[in-house]
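Report on the following structure.
The values are calculated or read from the model by the stated rules, or taken from the named source; none is laboratory data. These numbers come from a predicted model, not from an experiment. Because the Cβ atoms are built from the backbone with ideal geometry, glycine has one as well, and the counts that use them run over all protein chains shown.
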Amino acid sequence: MIWVFGKTIQMLSVIVDYSNKTKERGENKRASIVVAPSSLTLNWQNEANKFASELKTLVIQGTLNERKSRINELENYDLVITSYDLLKRDIELYKNKDYQFRFIIADEAQYLKNSKTQNARAVKQIKADTKYALTGTPIENSLSELWSIFDFIMPGYLFNYRKFKNTYEVPIVKENDEKALKKLKMLIEPFILRRNKKEVLIELPEKTVTVLNNEMKEEQKNIYLNYLARAKKELAEEIELNGIENSHMQILAALTRLRQICCHPSLFINDYKDGSSKLDQCMEIVEEATNGGHKILLFSGYTSIFEYIEKELKLKNIKYLKLTGATKVNERLKLVDNFNENSEIKVFLISLKAGGTGLNLTGADMVIHYDPWWNISTENQATDRAYRIGQKNNVQVYKLITKNSIEEKIYELQEKKAKLADNMLDTKTKFINKLSKDEIMRLFE
């Protein structure tokens, strides 16, 4: 079964229920295993200690010998926690152990979206009675990812990938086949439990989302337009020569440059001196909000922009914390607790990819998305670091969008391409590798 939203506590409840029932019947209970991103393993342990203290938990970590020793003892525990990265290294140890878990739980199951990766192959080799996939973004790029998740929890249910592609993916994505869409939805609905905040968390305060536009400064605009014209010409030639399927890297590189110019041209232009209208807008919001007593989560897809934001925060004497992919796992929870508990710290700078999941940051009542991401579900998950159980204040969300730029096109694309995943799973995603040539070239208009 795939669970979307509220996943950790619900899954812990299932494991506790199993433990209690086996105890009542006098049966020998078996361990369950959680496989999660490495950044979330300690979070699972903390949540288990907090909400299911009766469970005996084991985190697989340390050197190879230490992990081997712990794997050899896993039957003495109720809940075993490991990461995708360690599982693929240790898979032979699990296979040699030949242990049948009660449950296997793949957290952030979008890590299994490509069935050919080592992550997916390793997880699918673990033996368990029942399999769960927990995710807020079951469709990130395409329907093939949904197939890969189902291939983990129910191998063969959605056929092999070739048949799935011909029967559902191509008709739905390429031909807008409503009949195929309806049939696929009917097949998967019995195995998906969606936890919709609006339906089950009626006690949550309001959340307001506001899109704020900014106009590029003169030099910034000139740089953008010059690069746009050059990139459009070069990409048209590249696609004509090599075809769109072989040009994805060049397309993404060009789009990245345009997005960076919107954020701050200094991200890739040395000696640029004219500043960034978006940075100015962002700091105006931050200064006004912190003066009003608000605490802010500030997300960006580019950790390099934090260097410029940090300079401004220091100049304005605004205390902040920062979490990126370079932040050590054991430091993440310390940063979270410090932000939530320390009233002096007003801003938390967070990399969208590194901190968009697994954090409880209800100490904040404002979220700023400095730049739009292709996947609106990723943005929503990041916002939900603040807008979740325990939040007592109204949450204000700001999305900063540069006018007449690629950012407007990304935002429009998010809205335009939402229908497929909305109909399927209430997620809103569509990425560059599934766009047509015309759609890609319109991004450069």
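For the range 297-305, check the following and say yes or no: at least one residue is within 22 Å of Y411 (Cβ to Cβ), in the same structural domain as K353 (by TED's automatic domain parsing) and touching a Cys at 6+ places or on another chain (Cβ under 7 Å). Yes, the range 297-305 has at least one match.
All of (1) modelled with pLDDT under 85; (2) on the phi > 0 side of the Ramachandran plot; (3) polar (S, T, N, Q) hold for T362 with one exception: (2). For the list (1) assigned to a loop (DSSP other than H, G, I, E, B); (2) without any contact (Cβ under 8 Å) to a residue 40 or more places away in the chain; (3) closer than 25 Å to K409 by Cβ, I need the number of the one condition that L279 fails. Condition not satisfied by L279: (1).
Of the residues examined, Y157 is not one that is out of contact with any strand residue (DSSP E or B) (no Cβ under 7 Å at 6 or more places or on another chain), within 20 Å of Y18 (Cβ to Cβ), assigned to a loop (DSSP other than H, G, I, E, B) and not assigned by TED's automatic domain parsing to the domain that holds G356.
Screening N360, N380, N317, N393 for residues that are more than 30 Å from K232 (Cβ to Cβ) and free of Cβ contacts under 8 Å to residues at least 12 places away in the same chain leaves exactly one candidate, N317. The conditions of being closer than 21 Å to K322 by Cα, buried (at least 20 other Cβ atoms within 10 Å of the Cβ), out of contact with any Pro (no Cβ under 8 Å at 6 or more places or on another chain) and at pLDDT below 80 are met by G356.
Conditions (1) touching a strand residue (DSSP E or B) at 6+ places or on another chain (Cβ under 8 Å); (2) of a type in the set (G, A, S); (3) more than 19 Å from K319 (Cβ to Cβ), marked per residue:
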{"position": "N342", "(1), (2), (3)": "no, no, no"}
{"position": "I345", "(1), (2), (3)": "yes, no, no"}
{"position": "L349", "(1), (2), (3)": "yes, no, no"}
{"position": "L352", "(1), (2), (3)": "yes, no, yes"}
{"position": "G363", "(1), (2), (3)": "no, yes, no"}
{"position": "M366", "(1), (2), (3)": "yes, no, no"}
{"position": "D371", "(1), (2), (3)": "yes, no, yes"}
{"position": "I376", "(1), (2), (3)": "no, no, yes"}
{"position": "E379", "(1), (2), (3)": "yes, no, yes"}
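Selection of the range 282-309 for residues being under 24 Å from the mean Cα position of the chain (by Cα) and assigned to a helix (DSSP H, G or I) yields C282, T303, S304, I305, F306, E307, I309. In the set (1) surrounded by fewer than 19 Cβ atoms within 10 Å (Cβ to Cβ); (2) modelled with pLDDT of 75 or more; (3) in contact with a His (Cβ under 7 Å, 6 or more places away or on another chain), the condition left unmet by N433 is number (2).
Of the set (1) over 27 Å from R30 (Cβ atoms); (2) modelled with pLDDT under 85; (3) among the β-branched types (V, I, T), all apply to T135 but (1).
Applying a threshold of 8 Å to beta carbon distances and a minimum spacing of six or more residues, or different chains, the list of pairs starting in the range 153-175 at a residue that is without any contact (Cβ under 8 Å) to a residue 40 or more places away in the chain and more than 22 Å from K127 (Cα to Cα) and ending at one that is part of a loop (DSSP other than H, G, I, E, B) and hydroxyl-bearing (S, T, Y) reads E169/S142.
Within the range 160-182, how many residues turn out to be loosely packed, with under 15 Cβ neighbours inside 10 Å and part of a helix (DSSP H, G or I)? Explain how you work it out, then say what you get.
Of the range 160-182, the ones loosely packed, with under 15 Cβ neighbours inside 10 Å are 160, 162-163, 166, 170, 174-176, 178-179, 182.
If we keep only those that are part of a helix (DSSP H, G or I) as well, we get 162-163, 166, 170, 174-175, 178-179, 182.
Count: 9.
Looking only at the range 319-377, residues that are outside any helix (DSSP H, G or I) and closer than 23 Å to K399 by Cβ come to 32 in all.
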